[in-house]
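**Q** Submitted below is the structure of interest, expressed as structure tokens.
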Amino acid sequence: MRKLTYYMAASIDGFIGDPTGDGTSFLRYVDEEFFAFLKAEYPETIPTHGRQSFGIDHLENRHFDTIIQGRVSYDIALEAGVTSPYAHLRQYVVSRSIKESPDPAVEMVSGDVVEKVRELKAEDGEFGIYLCGGADLAGQLAGEVDELVIKTYPSVLRSGMPMFAADFHIDEFALDSVRAFGNGVIVTTYSRKK
């Protein structure tokens with residue numbers, strides 16, 4: 001069974017972006033040491049156009065071969081004129097408003113997203129599924145998330161978009177690893193308790 005991993009950036013107080021969902025304020029923490037870690041450990045989470053501009057498009061996937069993201073996350077790429085932001089992965093975008101994909105490499109999901117993720121998880125394969133966000137999609141898929149990889153940035157937003165937009169429920173996870181960087185970023189990995 002393949003894992004669904006919610007890999008996200010968050011503030012100390014647990015927000016993945018400002019009230020509109022914009023998380024670009026976290027980019028200032030991507031220094032040489034932290035970027036070296038991202039390239040070495042999670043190269044497939046860097047969008048294809050970014051991989052090309054940094055000269056790292058030759059790096060092989062380490063954790064994921066599939067990405068699922070919400071329409072708002074996908075809109076960021078579309079606004080930049082990019083219709084296939086993760087061309088090195090199999091791409092799914094969950095949207096009720098976009099009926100037809102602007103790119104043949106991107107499959108739109110408008111039906112039961114939980115059922116779709118369960119189908120993807122049941123496939124054979126050594127790589128997992130990267131849940132890119134946002135909060136609404138993460139809230140819908142909270143019960144399917146097997147692993148959390150949280151890049152916590154040393155800032156407090158006070159309000160904004162939460163990690164999960166969902167009703168109250170307690171899901172328990174076990175701590176797998178913690179890695180701290182000189183710029184104050186902490187990457188924490190958790191696995192769902194069975």
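**Q** Using Cβ contacts closer than 10 Å as the measure, can you line up L38, L89 from fewest to most?
**A** Going from sparsest to densest Cβ surroundings: L38, L89.
**Q** Determine, for each peptide in 180-186, 138-144, the mean count of other beta carbons within 10 angstrom over its residues, then list the peptides with the highest first.
**A** The peptides rank, most packed first, as 138-144, 180-186.
**Q** Above 30 Å lies some portion of the pair distances; for the range 4-186, what is it as a whole percent of all C-alpha pairs?
**A** 14 percent
**Q** Now, a different point. List the residues, sorted by chain then number, that are 5 or more residues from F64 or on another chain and whose placed amide H is less than 5 Å from its amide H.
**A** The answer is G128.
**Q** Short version: ³J(HN,Hα) in whole Hz for each residue of the range 54-59, in order, from phi by Karplus 6.51 cos²θ - 1.76 cosθ + 1.60 (θ = phi - 60°), x for Gly and Pro, what are they?
**A** Result, rounded to whole Hz: 8, x, 10, 5, 7, 5.
**Q** Also, quick follow-up: Could you tell me, in Å, what Rg and Dmax come out for the Cα atoms of the range 79-194?
**A** 16.1, 44
Each value in this text was obtained by applying a stated rule to the coordinates, not by laboratory testing. From a predicted model like this one, the values you see are computed outputs, not experimental measurements. Cβ atoms come from the backbone with ideal geometry, glycine included; neighbour counts cover every protein chain shown.
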